[in-house]
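Okay, structure first, notes after.
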Amino acid sequence: MANHMNAAKSGTERRSLLGGAMIIAGTAVGAGMFSLPVVGAGMWFSYSIAMLIGVWLCMLVSGLLLLETNLHFEPGASFDTLTRETLGNFWRIVNGLSIAFVLYILAYAYISGGGSIVNHSLEAAGIELPQSVAGLVFALGLAFVVFISTKAVDRITTIMLGGMIITFFLAVGNLLIDIDTVKLFKPDGEETYLPYLLAALPFGLVSFGYHGNVPSLVKYYGKDPATIIKAIVLGTLIAFVIYVCWLVATMGNIPRSDFVDIIAQGGNMGVLVGALSGVIASDWLTSMLTLFANLAVASSFLGVTLGLFDYLADLFGFDESRSGRLKTATVTFIPPTVLGLLFPDGFLVAIGFAALAATIWAAIVPAMMAHRVRKMYPQYEGFRVPGGTPVVVIVILFGIITGTCHLLAMAELLPVFG
């Protein structure tokens, strides 16, 4: 393990920093990519951007609070160890359940979305497959990469993100040139916007859900807070810029009233890509957009399952040997793949549920752990998130408000567009 870390450090700083930033960006980007235009359709463009800025800041700070706690422990310690040592067994269990739930449900959401987009791609080539089978093919191929090693995920995610950024700007560049600013700033349909922000907030939170990878980065870089902070800031900023371009491209081309139909069809990725393909005149650009969608889901699936893989290895005490990794891979991939076969169309519903549990382990618990660690080690000279207790309180409140919004939306007490 030590050699692995030294190798990570002695490799060019720049390359290793980029690898970490790409894991963060790749994990964050998938969920928001296809849910944000759909759940943001009610409040539309200006409020969607305002919400993204607020959520990005809160999630960046909560990730840094998690890093602050993580640095007090040995590299390789994941959430299970951190919560047990700082907050005790009750929070360890609550947090453990919420992490396992979020990462499993996201892995399932990406198998559902991956199946939808693989199907959309195959239909263009004239091949018909049941969506559940397309999801299975998608899951098995990527499970193999996570089984190999973190380094394999780093390499593949970096290649995928490179491909994603190229295909994104080729497809979206054209959409950005053709945007209609009237659609962006004076949309058709009803006049109310702001009330829809509340139901969309949980999806904003999941769009920046990279926290499962913070312990993986500490394991990868060792105790090198400067590099890890840069990787987190750079990774979340890449995700933020991609989201903004994507919202401009979708909302500047698809009229607000058309989203009612997209939502009625379940809001899965294939439907949104299909709607955009209707706007793009060229077949070549449609294939770029489809390729981008495939890469976006695949890179997120890799990032999420890597976090789940490391968490489960820490929880069950599986070692890094081939048989140990095989056991971890089995408990990581079989449950979400079975769900993907049984319920192939659950993408948006799954991401909503993930948001509810993510408020606990991506916002509330990291803030509580950092607060506790500061009391445990008052003389600590290392990295501390600036802002003291007020910052901790803001992050906890953000988590509570977001979770409440999802519960109210589920009880149909919040206005939902469509």
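The values are calculated or read from the model by the stated rules, or taken from the named source; none is laboratory data. All figures in this text were calculated on a predicted structure; none of them were measured in a lab. Because the Cβ atoms are built from the backbone with ideal geometry, glycine has one as well, and the counts that use them run over all protein chains shown. Remember, those area values only see protein heavy atoms, side chains included, never the ligands or the DNA or RNA. Shrake-Rupley method; radii C 1.70, N 1.55, O 1.52, S 1.80 Å.
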For the chain, the charge dipole (Cβ of Lys, Arg +1; Cβ of Asp, Glu -1; about the Cα centre) points to a positive end, and the Cα of 398, 149, 298 closest to that extreme belongs to 149
Tell me the per residue accessible area of the chain using a 1.4 Å probe; a whole number in Å² is fine.
38
So, with a 1.4 angstrom probe, what is the percent of accessible area on segment 123-180 that is carbon and sulfur?
72
Rounded to a whole number, what % of the accessible area of segment 185-283 do carbon and sulfur atoms account for, probe 1.4 Å?
66
With every protein chain kept in place and a 1.4 Å probe, the residues 61, 304 fall, from largest accessible area down, as 61, 304
Net charge over other residues, Cβ less than 10 angstrom from the Cβ of residue 215 (K, R count +1; D, E count -1)
-2
Angle in degrees between helix 197-207 and the longest Cα principal axis of the chain, rounded to the nearest 10
60
Evaluated at q = 0.06, 0.09 Å⁻¹: base-10 log I(q)/I(0), Debye formula over Cα of segment 17-411
-0.21, -0.49
Got the relative contact order for the chain handy, in percent, Cα pairs under 8 Å and 6 or more residues apart?
37
Nearest-ten-degree value, helix 225-251 long axis tilted from longest Cα axis of the chain
10
Pairwise centroid distance, computed over Cα atoms, of segment 204-243 with segment 255-324, Å
19
Any lysines with Cα under 25 Å of the residue 223 Cα? List them, leaving off those in the same chain fewer than 8 positions away.
9, 151, 375
Based on the mean of other beta carbon atoms within 10 Å per residue, what is the order of 109-115, 86-92, 99-105, 134-140, most packed first?
109-115, 99-105, 134-140, 86-92
Quick check: from the Cα gyration tensor, does segment 311-409 come out rounded (a/c under 1.5), prolate or oblate?
oblate
Would you tally the net charge around residue 153, using a Cβ to Cβ cut-off of less than 14 Å, leaving residue 153 out, and scoring K and R as +1, D and E as -1?
+2
Can you show me the helix-derived [θ] at 222 nm for the chain, built from DSSP H runs with n ≥ 4 at -39,500 (n - 2.57) apiece and divided by the number of residues, rounded to the nearest 500.
-26500 deg cm²/dmol
Using alpha carbons only, how many degrees (0 to 90, rounded to 10) separate the axis of helix 44-70 from the longest principal axis of the chain?
20
